[in-house]
Amino acid sequence: MTRSRNTWLIVIALLIVFSLWVDLSNNITIMNPFNDKPLVNKNTQLQLGLDIRGGLQTLLQADVANCANVDPSALDVTRQILQNRVNALGISEITMQTAGNCRIIAEFPGITNSQQVNDSLQQTALLEFVDMGSSPLPVGSTVVTDYEPKASGTQSNATSAAPTATIAPTATATPAATATPEANATPGAAPTATAPAKVYHTVMTGADLGTVSVQAGTLGGQYEIAFTLKSSGTKVFADYTSSHVGQYLAIVLDKKVISAPIINSAITGGQGVIQGNFTVDTANALAVQLRYGSLPVPVKIVESQTVGPTLGADSVRKSVLAGAIGLAVVVLFMALYYRLPGIIADLALVTYAILSLMIFKMVGFTLSLPGTAGFILSIGMAVDANVLIFERLKEELRAGRNLQQAIDLGWSRAWPSIRDSNTSTLITCVILYVFGNAYGASIVKGFSINLGLGVLVSLFTAVIVTRAYLHLVLDNMKLGEHPRWFGL
Amino acid sequence: MNIIKNRYLYFLISLLVIVPGIIFMILHWTSTGQGPLALGIDFKGGSLLEVQFAGTLPSTGTISALYTQFSTPQEPIANPIIQPLGNNAYSIQSAPMNDATESSLLAAMKTRTNGAVTVLNFTSVSASIGAEVTRAAGIAILLAAIAILLYIWFAFRSVDHPVRYGTAAIIAMLHDVFVVLGIEAMLAYFLHWEADSLFLTAVLTVIGFSVHDTIVVFDRIRENANIYRRVDYETMVNHSVVQTLDRSINTQLTVMFTLFALALFGGDSIRHFVIILLVGIFSGTYSSIFNASPILVVWEKQEWKTWFRRKAEA
């Protein structure tokens, strides 16, 4: 008995030391003594939720009639493409997760300009390389091309349905109306805005494009975009560029011209560069559009929330203060009501807080406001476990048992109630987690994770830590002869 | 102390809170046709813009006019609901709008007020998703209730009629849910509070706490049922409730201390949430002492057989 108790004390002490190390540092490294290489290198920064630190949360949903038809792997590919797109905007710490059958939750900490991000997310993007001859349409104008989406075997039905423009063989009213006025309205360039509803030839689509990268140009201060072609596109491109040197090849995204470079020389080797008046940013932006043009599943934004950093910082400061006051009152109450065991329970509560923070940082859970609520509830339950045990302890002491017996009986009798009440809470947590995960309800999910974790840690501290502390104190200081210390 | 003896008084007290709450919910439903509670935009769809003005604070009329100006058939954002937020900010609710509209609105506000306009919070939710989340939350709570019922049934298999314990715990839980919903409906009427997703979290918390609390009391009954085999059921249940009373009150106090601190010092954004939690936690303790255990006694004695007779005599 004594031996196992000492073992627990050592385990607890080691855990506390480790936890404090994690709690107080933002990055932990453990070196392998044999080859001097880092064995563990982990970022242990506490992750704060968007509702606390400010930022943008966007919920995307597949833009299809029936969510059951969405292929989960296609949705995941969509998520990856979207993530690459926004990563390319230079935003750090983006998290993007699929939720259920047809939703994607995207979180952008620190972002307050939602428009740029959401715009980039919402591009459905059919990328075409269009023969413009010698007179290109200005950037931004709408074009009608001869590309028929159905021809592309790789694209799903959903995508091919998304681009609206159909081939316009005769002068149907709509495409004409959109093409010409825009071309005229744009100042500069394109004096010959051609006849209405001119159908341009699509040389190839983004599907034939291989890698795209940005590199410093040969001219000082300018950037260019290097690209390679897949084998399917190499021949087409070689033939076309050979016969069209000096003419314009427009890059068209969703029937809108995004760039109209001129063909300087034939590109026969399957790789080339786009030169122009690019800065790093515009070059990157174009590269992103080239790289991640089409999505396997079209998506639309159904929910978008921006929290300003001022609201977040204010909430944090006030909540932390309030939480500290609340905890101080609880600690005081326990000490006054339960005397010695109360003080020991308080120490166990501090241990609980240290351990929980460590787990949060190690696993990388995000701390949000609902999560905090779950945590406060779990603190309540941690205290409750101690209260249950001490009430039992008092009863056993009143019944005339000696201290040693009373402690052991108190624990064993309180255990079924602690076990059953916490099990039911854990059951609730699991169901809420599954629900929150499936429907993209991140609030419910965060709450259930924090509460569930809190319950598990509180079980450990109440049943093992408190008991070990109590024995440590009682075995070394003969306080057992003073019933007043136990509030009797 | 005899708590079980006055069980019908305690049931009456519960009804005195729940019935008015239900009336307020019905009133809201019949007057607006939008369900029992005033829902926030997370559930009903719409956009919420909270902006702070560094320049001159515009009147609500000016903001309303701007919204009307940018209103389109696709985004009918005219006639927004505007509420002041502190002394230099507004909270504005309207139909859902996209980011482009928001940007134009902010730009227009900036020109009007000759100063920086800071967005504290901008949320836009399309109408379809809210209804789905509400329905899914309802299903999740239902599933959780069934799972808890089954677990208690299993955990209490050593006593007679274990299914009663599970059922009573679920009834007590529903009691707390109705208390919280009712209070929310009243607050919606008097203070124009809206049920948002934080409210949903609060309800979930209350459910967790309620069942937790009830099981602790029931555990004592389970233990005593095997010790005091000759004592009649009502006395044994009462004894168990009284034995756990200190613990029930102390546990509740510790949670309430933290919540009171959060309500007083925690800032505006979570006050609504914390107050609902306070109500729910209080109700959870009340129902575990004064409803859950008495229901066991009512069931054991099958008292419903005499309810109507009593009424006939009175």
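Please indicate, with yes or no, whether at least one residue in region B:195-211 is without any contact (Cβ under 8 Å) to a residue 24 or more places away in the chain, at negative phi and surrounded by 23 or more Cβ atoms within 10 Å (Cβ to Cβ). Yes: one or more hits. Of all residues in region B:91-109, those that are in contact (Cβ under 8 Å) with a residue 12 or more places away in the chain and out of contact with any Asp or Glu (no Cβ under 8 Å at 6 or more places or on another chain) total 8. Of all the listed residues (A:R398, A:R392), the sole one being farther than 18 Å from B:M256 by Cβ, more than 7 Å from chain B (Cβ to nearest Cβ) and touching a residue at least 60 places away in the same chain (Cβ under 8 Å) is A:R398.
Quick grid of which residues meet (1) more than 24 Å from B:T285 (Cβ to Cβ); (2) buried (at least 22 other Cβ atoms within 10 Å of the Cβ); (3) away from chain B (no Cβ under 11 Å); (4) under 21 Å from the mean Cα position of the chain (by Cα):
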position: A:S304; (1), (2), (3), (4): yes, yes, no, yes
position: A:G308; (1), (2), (3), (4): yes, no, no, yes
position: A:D314; (1), (2), (3), (4): yes, no, no, no
position: A:A322; (1), (2), (3), (4): no, yes, no, no
position: A:V329; (1), (2), (3), (4): no, no, no, no
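Quick check on this structure: which one of B:A136, B:A108, B:A168 is assigned to a helix (DSSP H, G or I) and at the interface with chain A (Cβ under 10 Å from one of its Cβ atoms)?
B:A136
State whether the residues of region A:370-377 include one that is among the hydroxyl-bearing types (S, T, Y), assigned to a helix (DSSP H, G or I) and either crowded, with 24+ Cβ neighbours inside 10 Å or in contact (Cβ under 8 Å) with a residue 60 or more places away in the chain (or both). Checked against the condition, which is being among the hydroxyl-bearing types (S, T, Y), assigned to a helix (DSSP H, G or I) and either crowded, with 24+ Cβ neighbours inside 10 Å or in contact (Cβ under 8 Å) with a residue 60 or more places away in the chain (or both), region A:370-377 yields at least one hit.
One residue alone among A:E148, A:E128 is at pLDDT 75 or above, under 14 Å from A:T202 (Cα atoms) and not hydroxyl-bearing (S, T, Y), and that residue is A:E128. The criterion of being within 10 Å of chain B (Cβ to nearest Cβ) and either among the aromatic types (F, W, Y) or surrounded by 19 or more Cβ atoms within 10 Å (Cβ to Cβ) (or both) does not hold for A:T366.
In region B:214-313, counting only helices (runs of 4 or more DSSP H) that sit wholly within it, the ones holding 1 or more residues that are among the basic types (K, R) and surrounded by 22 or more Cβ atoms within 10 Å (Cβ to Cβ) span B:245-265.
Within region B:212-244, the residues that satisfy the criterion of being facing chain A (nearest Cβ under 10 Å) and either touching a residue at least 24 places away in the same chain (Cβ under 8 Å) or touching a helix residue (DSSP H, G or I) at 6+ places or on another chain (Cβ under 6 Å) (or both) are B:H212, B:D213, B:T214, B:I215, B:V216, B:V217, B:F218, B:D219, B:R220, B:R222, B:Q243, B:T244.
Does A:I344 count as modelled with pLDDT of 75 or more and either on the phi > 0 side of the Ramachandran plot or within 7 Å of chain B (Cβ to nearest Cβ) (or both)? So A:I344 does not fit the description; no.
Among the numbered conditions (1) out of contact with any Leu (no Cβ under 7 Å at 6 or more places or on another chain); (2) crowded, with 21+ Cβ neighbours inside 10 Å, tell me where B:E132 comes up short. Of everything listed in (1) out of contact with any Leu (no Cβ under 7 Å at 6 or more places or on another chain); (2) crowded, with 21+ Cβ neighbours inside 10 Å, B:E132 misses just condition (2).
Take the conditions (1) under 22 Å from A:G342 (Cα atoms); (2) more than 7 Å from chain A (Cβ to nearest Cβ); (3) among the β-branched types (V, I, T); B:V274 misses just one of them, which is (1). Of the strands (runs of 3 or more DSSP E) entirely within region A:8-97, those holding at least 1 residues that are over 27 Å from A:F108 (Cβ atoms) and at pLDDT 75 or above occupy A:27-31.
Yes/no matrix, rows are residues, columns are (1) more than 10 Å from chain A (Cβ to nearest Cβ); (2) surrounded by 15 or more Cβ atoms within 10 Å (Cβ to Cβ); (3) more than 19 Å from the chain's Cα centre (by Cα):
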{"residue": "B:V125", "(1), (2), (3)": "no, yes, yes"}
{"residue": "B:I141", "(1), (2), (3)": "no, yes, no"}
{"residue": "B:D160", "(1), (2), (3)": "yes, no, yes"}
{"residue": "B:D176", "(1), (2), (3)": "yes, yes, no"}
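The values are calculated or read from the model by the stated rules, or taken from the named source; none is laboratory data. Computed from a predicted model, the values in this text were never measured in an experiment. A quick note on method: Cβ atoms are made from the backbone with ideal geometry, for glycine too, and the neighbour counts reach across all protein chains shown.
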